[in-house]
Amino acid sequence: MPDSNASRPEPPLRIGDMAPDFVARSTAGTLRLSDYRGRWLLFFSHPGDFTPVCTSEFVAIARAADRFAALGCELLAHSVDSLFSHLGWIRAIHDDLGVAIPFPVVEDSSLEIAHAFGMVDPASNNAASVRAAFFIDPDGVIRALTIYPLSVGRSVAELLRTIAALQRTHDGAAMTPADWMPGHDILLPPALLAKEALAAKGTTGWFYQLAKDRPTKAGAP
């Protein structure tokens, strides 16, 4: 029988969980995750500095930084490499590729942040496969998350679309259908009472109602 008093690993983070707070050094100085409260935040991790797919992502996200800013979304990057490695990498990107990285990159050599966010197994001593993204709302709550493998780069357009969709649905008054883009039709929340379902036009009318959306927000994808 397992020891009931034995320590167990923390369950992985899920949508609706509070993002674990932390204090860490970064390329913009020491920062605390809770410093971003009051703003939307895309907290994204990459497997390692000086790697091809991660470099392509940094270039693409840096070039779209103004579009994230227009959505009121801050950017914060993370990897388990050291601060010195981060500085050398962003210098190489600047000098060779002509792109300045405008967002902070957090160091996590001890893997404390990676473990807290469930990016790696609690017993792991490396994070070579981590490519995670956490979409955090102004209250510090995780509203969406994605995990990609080492060999597959993320879509910046989809990151922007996800932020826009989360913001559009945050008040609970609307849902976004498949392939939704800002300005496209939204879905109204379904009826929850029998009388509403019976009064609806058509058999799908109570749970599938498309409606015109409000004007597109500047900077949306």
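Condition test on Ala133, is it assigned by TED's automatic domain parsing to the domain that holds Ala62, under 21 Å from Gly38 (Cα atoms), in contact with a helix residue (DSSP H, G or I) (Cβ under 8 Å, 6 or more places away or on another chain) and surrounded by fewer than 17 Cβ atoms within 10 Å (Cβ to Cβ)?
Details: assigned by TED's automatic domain parsing to the domain that holds Ala62: yes; under 21 Å from Gly38 (Cα atoms): yes; in contact with a helix residue (DSSP H, G or I) (Cβ under 8 Å, 6 or more places away or on another chain): yes; surrounded by fewer than 17 Cβ atoms within 10 Å (Cβ to Cβ): no.
No; evaluated as a whole, the condition is false for this residue.
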### Task
Identify all residues within segment 131-185 that are of a type in the set (D, E, K, R) and more than 17 Å from the chain's Cα centre (by Cα); write none if there are none.
Asp171, Asp179, Asp185
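Conditions (1) modelled with pLDDT under 95; (2) touching a Ser or Thr at 6+ places or on another chain (Cβ under 9 Å); (3) within 28 Å of Leu166 (Cα to Cα); (4) not assigned by TED's automatic domain parsing to the domain that holds Met119, marked per residue:
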position: Gly38; (1), (2), (3), (4): no, no, yes, no
position: Phe43; (1), (2), (3), (4): no, no, yes, no
position: Glu57; (1), (2), (3), (4): no, no, yes, no
position: Ala70; (1), (2), (3), (4): no, no, yes, no
position: Glu74; (1), (2), (3), (4): no, no, yes, no
position: Phe84; (1), (2), (3), (4): no, no, no, no
position: Leu87; (1), (2), (3), (4): no, yes, no, no
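For the condition at pLDDT below 95 and either outside the structural domain of Ala60 (by TED's automatic domain parsing) or not in a loop (DSSP other than H, G, I, E, B) (or both), what is the one hit in Leu159, Leu192? It would help to see each step written out before you state the result.
Numbers: Leu159 fails: at pLDDT below 95.
Testing whether each residue is at pLDDT below 95 and either outside the structural domain of Ala60 (by TED's automatic domain parsing) or not in a loop (DSSP other than H, G, I, E, B) (or both) leaves just Leu192.
I'd like to check something: does segment 185-201 contain any residue that is without any contact (Cβ under 8 Å) to a residue 12 or more places away in the chain, on the phi > 0 side of the Ramachandran plot and surrounded by fewer than 13 Cβ atoms within 10 Å (Cβ to Cβ)? So that I can check it myself, show each step before the final result.
Of all residues in segment 185-201, those without any contact (Cβ under 8 Å) to a residue 12 or more places away in the chain come to 192-201.
Right, trim to on the phi > 0 side of the Ramachandran plot and you get none.
There is no residue in segment 185-201 that is without any contact (Cβ under 8 Å) to a residue 12 or more places away in the chain, on the phi > 0 side of the Ramachandran plot and surrounded by fewer than 13 Cβ atoms within 10 Å (Cβ to Cβ).
Every residue in segment 62-112 that is among the polar types (S, T, N, Q) and within 15 Å of Phe50 (Cα to Cα), please.
Step one: filter segment 62-112 for residues among the polar types (S, T, N, Q), giving 79, 82, 85, 109-110.
The answer is Ser79, Ser82, Ser85.
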### Task
Can you tell me which residue within segment 42-53, out of those that are surrounded by 21 or more Cβ atoms within 10 Å (Cβ to Cβ) and over 14 Å from the mean Cα position of the chain (by Cα), is farthest from Leu87 (Cα to Cα)?
Pro47
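Take the residues in segment 67-121 that are charged (D, E, K, R) and part of a helix (DSSP H, G or I); name whichever of them is surrounded by the most Cβ atoms within 10 Å (Cβ to Cβ). Quick ask: steps written out before the conclusion?
Step one: list which residues in segment 67-121 are charged (D, E, K, R), which gives 67, 74, 81, 91, 95-96, 107-108, 112, 121.
Pick out the ones that are also part of a helix (DSSP H, G or I) and you get 67, 91, 95-96, 112.
Values: Arg67: 20, Arg91: 11, Asp95: 9, Asp96: 9, Glu112: 13.
Applying the filter and picking the extreme gives Arg67.
The values are calculated or read from the model by the stated rules, or taken from the named source; none is laboratory data. None of the values given here were measured: they were computed from a predicted structure. Note that each Cβ is placed from the backbone with ideal geometry, even for glycine, and that neighbours are counted across all protein chains shown.
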